[in-house]
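> So that we are looking at the same thing, I have put the structure below in structure tokens.
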Amino acid sequence: MIEFTVNGRKRSADVEPEMPLLWVLRDVLDVKGPKYGCGIAQCGACTVHLNGEPVRSCSVPASAAAGQNVLTIEGLAQRGRMHPVQKAWIDHQVPQCGYCQSGQIMAAVALLKKNPNPSDRDIDAAMTNLCRCGTYARIRTAIHAAAQSMKPAKA
Amino acid sequence: MKTAFTPSRRKFLQQSAAIGGGLTFGFHVPEALAQRSDAPGAEMNAWVVIRPDDTVIIRYARAEMGQGSSTGLPMLVAEELECDWRKVRIEFVSTSEQLRRNRAWGSMATGGSRSIRDSQEYLRRAGATAREMLLAAAAQRWKVPGSECDAENGVIIHRPSRRRLRFGQVAQGASKLEPPGEVKLKDPRDWNLIGKSANRLDIPDKVTGKPLFGIDVQLPGMAYAAIAQCPVFRGRLRSVADERILGARGLIKVVKLEDAVAVVADNWWRANRMLKTLPIEWDAGPDGGASTASIREFVRFGLEDTSVPVARDEGDVEAAFAAAAKVIEAEYYAPFLNHAPLEPMNCTALVEGGRVEVWAPTQNAEATHATAAATAGVPLENVDVRLTHLGGGFGRRGFQDYTRQAVAIAKAVEGTPVKLLWSREEDMQHDYYRPMTLMRFKAGLDAAGNLTAWRIRDASHSILAGVRPQDIKEGVDRHALGGIVDLPYGVPNLRIEFAMRNSHVPVGFMRTVFHSQNPFMRECFVDEMAHAAGKDPYEFRRALLQAKPKDLGVLDAAAKASGWGSPLAAGAHRGIAVQDSHGSYAAAVFEVSVSGAGELDIRRVVVAVDPGHVVNPDSAEAQVQSCVAYGLTSVLWGEITLSQGRVEQSNFHDYRIMRLAEMPKNIEAVLVPSGGFWGGMGETPLAPLAPALCNAIFAATGKRIRSLPLSNQGLRLV
């Protein structure tokens, strides 16, 4: 039995220690936001936060999540209010098919946490998730917009 | 009743057999955007339901795979309905209702950029009809002439008395009225919604991780299936030592199909892991020795064959070549490509008591329905297909191989719903690939550099040969000749020949279809002609397009927006191309620089598009960006190769997809809708990209690209 916290709730799963976190979330705990795209940490559709760090959950064994905090797209909104990155994604009409977007948003949130004012180069380096619909230009714009909106109000 | 039903049933089956279209129906994924609601409402017609609280439900019968038509199509209805757009909700149609109601929603297929252009008229008419019924109901209630009433933003207004009734107040009565026989559609000048950017209805659910996709379907007691298909196409399963995994944790069943093995388990990871440990013996069949080289040689024979069908023969090309001041020849090649939608193929099915229920991300819902019925051996009436959002489609999801497998597996575990999911590796190695194509051109120019003769020999796989062979007339597949047989240029002597060369590799419709590789070849060769003639490539095309104002229009628009002919930064060079497809017109200009070491810098991309009318400009711009990412991925790196009869690539580490850092930062979508027609928007912008880029590379380097991808040509993106 592996126990960990998912989006603030204690969860447990009777699974093999080597079962990837992605499949524990999707098939055992019915948390469907993280998506399967490649299974080899190439595409990033499965991106979640493990103790605040973005990870590709298809390549993280369940044992590595034991006792840890997992945050998925479903846990991003706070008290019913969307995260500024989600709002920027709507303002800039980013998604097309939407399949990769949970992972893209989780990667963007992690980037902004570490680097509240990323340059284009910083975005290039951090945003390595694949999008087959080609929403990249709008992802870039939305990250810059979210960075602006998250700046503390001037005193 | 039964006889009346027959024609539509036949039509249903015909439609189902045709690949590349349609879709959709109300489905029951938890929290899904398009969930059918049991809340009361008055059905005005098949497309429009209005609730007492003024919510307007507009039904959607196509597939939402990212292109935004689940917003664009409702906009067409709402434009005429005069409802409050903020109160519009969409609902997917299900195939059982489509069957029961005599195909009330027309085609459910989504492909060929047809969703808007093929349904715009009946959707606008549905909106107008409902509006007229609402007006009539209000007029009746007020006992005034209908001509004194207007509909506006979800309200009926009686002009003389300024009385008002909300749609929700009159909908119940209106729905009982006879629909008007004829309605007048608005003049485009009076449109309020069409042509103005609207936020997409599906985006809020897509940024909050809602379970919208086929892969997200979750049913009580559901099992999960992983599949291994014979790695050599047309091969067979010989044997599988399934006793090796008896008693393994989570195992439910091993299902043997003719050309595949599926493991059913209590979660997908276990199913897939067990599958990987299973010793399977395949009978590769006669194609187990095929390689990229052998297939290329086989297709290329079509260029040498002395007797092939002729698609067009005008004037006398041979005499014109003999009289020409200059003759040029070239041969072009485009490889197989995989669609690679990010959501791998999947389908959920339940077979129970002679009925089949299917949940599928499909581009052709009626074909899914018919496939499910045939596989389970039940009548059409005993099947329902519920539609989900698609994690990309690009043409791949019109084919029904995954449906057939899912229903066959579900039949083997009758009473248990099963979700079949392909691994990425299966998806990479079992596509209906973009066809490998070769083309040879010969052109004659007179002393003034005018094009006098053009001969084109196309040697290609045919998609129609697999899906609609009856459309191939006298050996000529005009579909495979897209952009060639209908080329817009005026040339006095023209001969177009077609050699159909089908290898064992299954081929299919991939975004822009033959207009993804044929324009690369045609428009690069036109560039060769221009250079041989000593003329500017833009002016050379202009001269040949004098009888084609729409092609000329986008060519001029792209040239103007890009500043064609104006000085460039040091090291920068331009390339241009034009191509109509899918009912629309597009032209592109690329600005690039290329270092001596082959480092390619794409500095600017300008794409001009004329789709006649633009419904949602913001979505149209998104489609241009999407075509740039999808098209450049193919041009830069795209290649499926074979060895021992099987595909060598297996995942994204060896089938490269463009990433954010590689996306050109300077992309300009120049929308120039000229009105009077309705064209597609999801594919046309892709068509001129490859040749415009390759022509820019030629301008920069003097190296003519005649074979893709660029990664095989010593070029590397920086």
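> Identify, among B:Ala412, B:Thr55, B:Gln546, the residue whose Cα sits farthest towards the positive end of the charge dipole of chain B, taking +1 on the Cβ of Lys and Arg and -1 on the Cβ of Asp and Glu, with the dipole about the Cα centre.
B:Thr55
> Extending each Cα 7 Å along its Cβ direction at B:Glu381 and A:Ser59, get the distance between those two points in nm, one decimal.
Result: 5.4 nm between the two label points.
> Something else: Could you give the distance between the Cα centres of the range A:1-37 and the range B:461-538, to the whole Å?
Going from one Cα centre to the other spans 50 Å.
> Counting only residues 5 or more places away or on other chains, whose amide H sits under 5 Å from the amide H of B:Ala499 once H atoms are built in the peptide plane?
B:Asp458, B:Ala459, B:Ser460
> Return the subset of B:Lys326/B:Lys560; B:Lys326/B:Lys535; A:Lys151/B:Lys210; B:Lys550/B:Lys665; A:Lys35/B:Lys665; B:Lys548/B:Lys703 for which the Cα-Cα distance in this structure is over 23 Å, preserving the input order.
Violating the 23 Å limit, Cα to Cα: B:Lys326/B:Lys560; A:Lys151/B:Lys210; B:Lys550/B:Lys665; A:Lys35/B:Lys665; B:Lys548/B:Lys703.
> Right, next: In peptide B:338-346, how many Cβ atoms from other protein chains are near each Cβ within 10 Å, on average?
Mean inter-chain Cβ contacts per residue within 10 Å come to 5.
> Sticking with this structure for a sec: Can you tell me how much longer the chain between B:Ala241 and B:Asp601 gets when fully stretched, taken as 0.36 nm per residue apart minus their C-alpha distance, in nm with one decimal?
124.3 nm
> Express as a percent, rounded to the nearest 5, the fraction of DSSP beta bridges in the protein assembly as shown (both residues included) that run antiparallel.
75 percent
> Along each principal axis of its Cα atoms, how long is the range B:330-458 end to end? Whole angstroms, biggest number first, please.
Ordered largest first, the range B:330-458 gives principal extents of 77, 31, 23 Å.
> Taking a quarter of the surface of the Cα convex hull of the range B:490-595, what do you get in nm²?
9.5 nm²
> Could you list the GluC sites (Glu not before Pro) in the range B:423-527 that lie in coil according to DSSP, counting only those with at most 12 other Cβ atoms within 10 Å of their Cβ?
B:Glu474
> Once you charge only the Cβ atoms, +1 for Lys and Arg and -1 for Asp and Glu, what is the size of the charge dipole of the range B:524-664 about its Cα centre, to the nearest 20 debye?
180 debye
> Same structure, new question: Per Stokes-Einstein, at 25 °C and 0.890 mPa s, what whole-number D in µm² s⁻¹ belongs to the range B:598-643, with the Kirkwood radius over Cα pairs as the hydrodynamic radius?
Rounded, D is 188 µm²/s.
> Using a Förster distance of 41 angstrom, determine the FRET efficiency expected from the C-beta separation of B:Asn153 and B:Ala330, and round it to 0.05.
0.10
> Compute the Kirkwood hydrodynamic radius of the range B:601-718, taking the inverse of the mean of 1/r over all pairs of distinct Cα atoms, and give it in Å to one decimal.
One over the average 1/r among Cα pairs gives 15.8 Å for the range B:601-718.
> A follow-up question, please. Any idea how far apart B:Ser161 and B:Thr277 come out in nm if each label point goes 7 Å out from Cα toward Cβ?
Simple spin-label model gives 8.0 nm for this pair.
> Run through the range B:203-307 and list the GluC sites (Glu not before Pro) located in a DSSP loop whose Cβ has at most 16 other Cβ atoms within 10 Å.
Within the range B:203-307, the qualifying GluC sites (Glu not before Pro) (loop, at most 16 other Cβ atoms within 10 Å) are B:Glu258.
> Tell me which residues come under 5 Å, amide H to amide H, from B:Thr452 once H is placed; ignore anything under 5 positions away on its chain.
B:Gly444, B:Leu445, B:Asp446
> With a ≥ b ≥ c taken as the square roots of the eigenvalues of the C-alpha gyration tensor of the range A:3-99, please select rounded if a/c is under 1.5 and otherwise prolate if a/b is larger than b/c or oblate if it is not?
oblate
> Which trypsin sites (Lys or Arg not before Pro) does the range B:79-136 hold that lie in a coil by DSSP with at most 15 other beta carbons within 10 Å?
Within the range B:79-136, the qualifying trypsin sites (Lys or Arg not before Pro) (loop, at most 15 other Cβ atoms within 10 Å) are B:Arg101.
> Can you grab the distance from the C-alpha centre of the range B:547-596 to the C-alpha centre of the range B:70-110, Å, no decimals?
Here the two parts' Cα centres lie 37 Å apart.
> How large is ³J(HN,Hα), in whole Hz, for each residue of the range A:55-67 in order, when computed from phi with the Karplus curve 6.51 cos²θ - 1.76 cosθ + 1.60 and θ = phi - 60°, using x for Gly and Pro?
These are the phi-based 3J(HN,Hα) values: 9, 8, 5, 5, 10, 10, x, 3, 4, 6, 9, 4, x Hz.
> Taking +1 at the Cβ of each Lys and Arg and -1 at the Cβ of each Asp and Glu, which of B:Ala360, B:Leu73, A:Gly39 sits farthest along the dipole of the protein assembly as shown towards its positive end, judged by Cα position relative to the Cα centre?
With unit charges placed on the Cβ atoms, the residue in question is B:Leu73.
> OK, next. Along the range B:373-385, what does the Karplus equation 6.51 cos²θ - 1.76 cosθ + 1.60 (θ = phi - 60°) give for ³J(HN,Hα), rounded to whole Hz, x for Gly and Pro?
For the range B:373-385, the Karplus-derived couplings read 5, 5, 5, 7, x, 10, x, 3, 5, 9, 10, 9, 10 Hz, x marking Gly and Pro.
> State, in angstrom, two size descriptors of the range B:627-673 derived from its alpha carbons: Rg to one decimal place and Dmax to the nearest whole number.
That works out to 14.7, 49 Å for Rg and Dmax.
> In square nanometres, what is one fourth of the surface area of the convex hull spanned by the alpha carbons of chain B?
34.2 nm²
> In whole Å and largest first, what semi-axes does the C-alpha gyration tensor of the range A:70-124 yield when each eigenvalue is scaled by 5 and square-rooted?
18, 15, 11
> Give, in whole angstrom and from largest to smallest, the semi-axes √(5λ) of the equivalent ellipsoid of the protein assembly as shown, with λ running over the eigenvalues of the Cα gyration tensor.
So the equivalent ellipsoid measures 41, 36, 30 Å along its semi-axes.
> Now for a different question. Check B:Tyr433: other-chain or 5+ apart residues with amide H under 5 Å from its amide H, H built from backbone geometry?
B:Val507, B:Gly508
> Placing +1 at every Lys and Arg Cβ and -1 at every Asp and Glu Cβ, with all other atoms neutral, what dipole size does the range B:295-373 have around its Cα centre, in debye to the nearest 20?
260 debye
> Looking at B:Ala629, B:Gly571, B:Gly679, which one has the Cα that reaches farthest to the positive end of the dipole of the range B:514-717 (charges on Cβ: Lys, Arg +1; Asp, Glu -1)?
B:Gly571
> Regarding the range B:417-516, what are the three Cα extents along the principal axes, ordered largest first, in Å?
Computed over the range B:417-516, the largest-to-smallest principal extents equal 70, 27, 21 Å.
> Moving on to the next point. Evaluate the distance, in nm, between pseudo-label points positioned 7 Å from the Cα of B:Asp190 and of B:Phe298 along their respective Cα→Cβ axes.
Result: 6.0 nm between the two label points.
> Take each complete run of DSSP H in chain A, measure how far its Cα atoms stretch along the helix's own axis, and keep only those covering 15 Å or more with mean Kyte-Doolittle hydropathy at least 0.0; list them.
A:101-114
> Using a cut-off of under 17 Å, list every residue of the range B:463-478 whose amide N is near the label point 7 Å from the Cα of B:Asp305 along the Cα-to-beta-carbon line.
Under 17 Å, as judged by backbone N against the label point of B:Asp305, lie B:463-466, B:469-478 of the range B:463-478.
> Working out 0.36 nm times the residue gap between B:Ala322 and B:Ala570, then minus their Cα-Cα distance, what length gain in nm do you get to one decimal?
85.1 nm
> Can you compute the charge dipole magnitude of the range B:509-569 about its Cα centre, using +1 on each Lys and Arg Cβ and -1 on each Asp and Glu Cβ, nothing else charged? Give it in debye, rounded to the nearest 20.
About 220 debye.
> Over the Cα atoms of the range B:514-717, Rg to Rh with Kirkwood Rh, two decimal places?
Result: Rg/Rh = 0.97.
> Post the alpha-carbon centroid distance, the range B:226-295 to the range B:114-155, in whole angstrom.
56 Å
> A follow-up question, please. Tally up the carbon and sulfur contribution to the accessible surface of the range A:1-41 as a whole percent, 1.4 Å probe, everything protein left in place.
45 percent
> Shifting gears a bit: Compute for chains B and A the buried accessible surface, both sides summed, probe 1.4 Å, and express it in Å² to the nearest 100.
4800 Å²
> Calculate the mean, over all residues of peptide B:695-701, of how many other protein chain Cβ atoms lie within 10 angstrom of the residue's Cβ.
Average per residue, whole number: 0.
> Right, another one. Looking at the square roots a ≥ b ≥ c of the eigenvalues of the Cα gyration tensor of the range B:151-310, which shape do they give, rounded for a/c under 1.5, prolate if a/b is larger than b/c, or oblate?
Oblate is the answer for the range B:151-310, as a/c is 1.5 or above yet b/c matches or exceeds a/b.
> Within 10 Å of each Cβ of B:660-672, how many other protein chain Cβ atoms are there on average?
So the per-residue partner count for this stretch is 4.
> Calculated from DSSP H runs of 4 or more alone, at -39500 (n - 2.57) each and per residue, what is the 222 nm mean residue ellipticity of chain B, nearest 500?
Value at 222 nm, helices only, nearest 500: -9500 deg cm²/dmol.
> Each residue of the range B:77-87 in turn: what ³J(HN,Hα) in whole Hz from Karplus with 6.51, -1.76, 1.60 and θ = phi - 60°, glycine and Pro shown as x?
Ordered by residue, 3J(HN,Hα) equals 5, 5, 4, 7, 5, 6, 8, 7, 4, 5, 9 Hz.
The values are calculated or read from the model by the stated rules, or taken from the named source; none is laboratory data. Computed from a prediction, not measured in an experiment: that's the story for all the values here. Positions of Cβ are backbone-derived with ideal geometry, glycine not excepted, and every protein chain shown enters the neighbour counts. Quick note on the areas: whole protein, heavy atoms, side chains included, nothing else; ligands and nucleic acids left out. Shrake-Rupley method; radii C 1.70, N 1.55, O 1.52, S 1.80 Å.
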